[in-house]
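Bear in mind that the values in this text are calculations on the coordinates, not laboratory data. What you are looking at is a predicted structure, and each value in this text was computed from that prediction instead of being measured. Every residue, glycine among them, receives a Cβ derived from its backbone with ideal geometry; neighbour counts consider all protein chains shown.
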Amino acid sequence: MKKVIHLISIIATLFFLQAAFSQESKVPSGAVRVGVLNDQSGVYSGMGGLGSVVAAKMAIEDFGGSVLGVPIELISADHQNKTDIGSTIAREWYDVKKVDVILDLAASNVGLAVMGIAKQKNKIVINTGSGSSRITNEECNDRTAHWVYNTYALAHGTGQAVLEQGGDSWYFITADYAFGHSLEKDTTDVIKAAGGKILGSIKHPLNASDFSSFLLQAQASGAKVIGLANAGTDAVNAIKGAKEFGLLKNKKQQIVGLTTYVTDVYGLGVETAQGIQLTEAFYWDMNSETRAWSQRFFDRHKRMPSMIQAGTYSGVMHYLKAVKAAGTSEAGPVMAKMKSMPINDFYAKNGVLREDGLMVHDMYLFQVKTPEQSKSPWDLYTLKQTIPGSQAFASLAESKCPLIKR
């Protein structure tokens, strides 16, 4: 009898060790680690920042807190919009802290650098914060997903709408780094293709405080449209400056914020921002699903979510589903699952992650409400147009991504 009991004990121990080894091989580090790397103290902190960390935490909790029998851990840091700082953090996360996926990554200079590191380390990036269209064009790789928006979509959303309303001559005030350059280029392509004219542009440093000289030069150009190829507090400060110069009420010229977020509009107030047209991937008050999730986010963060914050939740959730479906945290199989599984959540319906890494989904053209139309502090937008994903984003035929099989 003792021999039988001893034999059963040995078998049980071997089974346990086999199970433990099997689990370790699925997730070698013993946990699936999610990193949110973004601007938490500067020009882009309002549209992503700590709100993206909150959104990622919500996704992990909603998923159940574990996958493949191991815990899901969240780590976050501020890259301060500096490429060297962001790159150093990403290398440490991948090499030392064994982070499996990094999200957000506004701004584009940091996003482009980190996606290159991810490729070297065989890790994954889900870029929910950067906007440069280079991410899935010249710089694309098979370990990067571009989730929320890009400069092509903004140009073909807001830029196209303004053109159709008679805004056929433009002058750009552009943030002098990768995102601003891409946004100006993509919008210029739209304008010229429709027979419009570019009367000039001027570059400004990131986190500029005084836009007076830039606005005066734009005003002197005589362009019908002064296009702001910037974002975050840069865009907010430019619009505030335009108000001081009376440009917001100038019928001969209009200010167009090519990258304006709901958090920016809330900060400006509808009295200042009324009538501005903008393109976004998400708005909290679209339907019952968006309202339900956004209220949960608001209860934690005391602000309604931006498209980056909502997109970060969506990206984390899709990644975790792919890890579960792949049965491993290894980057190759997980990315393959991410590309084979449709995205259907409160953020996007029938979204598809293409072979170039671009997540194609509908975009939306909004107009900021007047003070009379707005019934509450966050009641800010009127939907003007739903732009199907096939129109909002460049086709594979237009892409310069070397991953695409021609």
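The table for this structure:
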quantity: GluC sites (Glu not before Pro) within segment 95-185: DSSP coil, no more than 15 neighbouring Cβ in 10 Å; calculated: Glu138
quantity: Whole-Å distance, taken between Cα centres, linking segment 78-110 and segment 213-289; calculated: 30 Å
quantity: Under 19 Å from Lys324, Cα to Cα: aspartates and glutamates that are on another chain or at least 8 residues apart; calculated: Glu24, Glu61, Asp62, Glu73, Asp100, Asp345
quantity: Links that overshoot a 25 Å alpha carbon limit, given the list Lys249/Lys369; Lys243/Lys302; Lys97/Lys400; Lys203/Lys302; calculated: Lys243/Lys302; Lys97/Lys400; Lys203/Lys302
quantity: At R0 = 45 Å, FRET efficiency that the Cβ-Cβ distance of Thr370 and Ala397 yields, to 0.05; calculated: 0.65
quantity: Backbone HN-Hα couplings from phi across segment 293-310 [Karplus 6.51/-1.76/1.60, Hz, Gly and Pro as x]; calculated: 5, 5, 5, 4, 5, 4, 4, 8, 9, 6, 8, 6, x, 7, 5, 5, 5, 5
quantity: Helix axis angle, 232-244 relative to the chain longest principal axis, alpha carbon, degrees; calculated: 20 degrees
quantity: Per-residue HN-Hα couplings for segment 371-383 [Karplus 6.51, -1.76, 1.60; θ = phi - 60°; Hz; x = Gly/Pro]; calculated: x, 6, 7, 7, 9, 7, x, 9, 7, 10, 10, 10, 6
quantity: Segment 33-104 shape via C-alpha gyration tensor axes, a/c threshold 1.5; calculated: oblate
quantity: From the coordinates shown, semi-axes √(5λ) of the Cα gyration tensor in Å corresponds to which of (1) 38, 25, 21; (2) 43, 21, 18; (3) 37, 34, 18; calculated: (2)
quantity: Sum of side-chain charges, Lys192 neighbourhood, beta-carbon under 13 Å (Lys, Arg +1; Asp, Glu -1); calculated: -2
quantity: Rounded to 10°, Cα long-axis angle of helix 49-63 versus longest principal axis of the chain; calculated: 40 degrees
quantity: For segment 21-71 and segment 303-339, distance of Cα centres in Å; calculated: 10 Å
quantity: Degrees separating the helix 178-193 axis from the principal Cα axis of the chain, which is the longest one; calculated: 60 degrees
quantity: Residue-averaged 222 nm ellipticity for the chain, from DSSP H runs of 4+ at -39500 (n - 2.57), nearest 500; calculated: -13000 deg cm²/dmol
quantity: Prolate/oblate/rounded call for segment 268-406, Cα gyration tensor, a/c under 1.5 rounded; calculated: oblate
quantity: Peptides ranked, highest mean first, by Cβ atoms within 10 Å: ranges 375-383, 171-179; calculated: 171-179, 375-383
quantity: Amide hydrogen neighbours beyond the local backbone of Ser169, cut-off 5 Å, H modeled; calculated: Lys197, Lys224, Val225
quantity: Three-way shape call for segment 81-202 based on the alpha-carbon gyration tensor, with the a/c threshold at 1.5; calculated: prolate
quantity: Cut-off 17 Å (backbone N to label point 7 Å along Cα→Cβ of Lys197), residues of segment 172-190; calculated: 172, 188-189
quantity: Surrounding net charge for Ile124, when Lys and Arg each add one and Asp and Glu each subtract one, Cβ distance under 12 Å; calculated: +4
quantity: Sorted by Cβ density within 10 Å, fewest first, the residues Arg300, Arg291, Arg354, Arg143; calculated: Arg300, Arg291, Arg354, Arg143
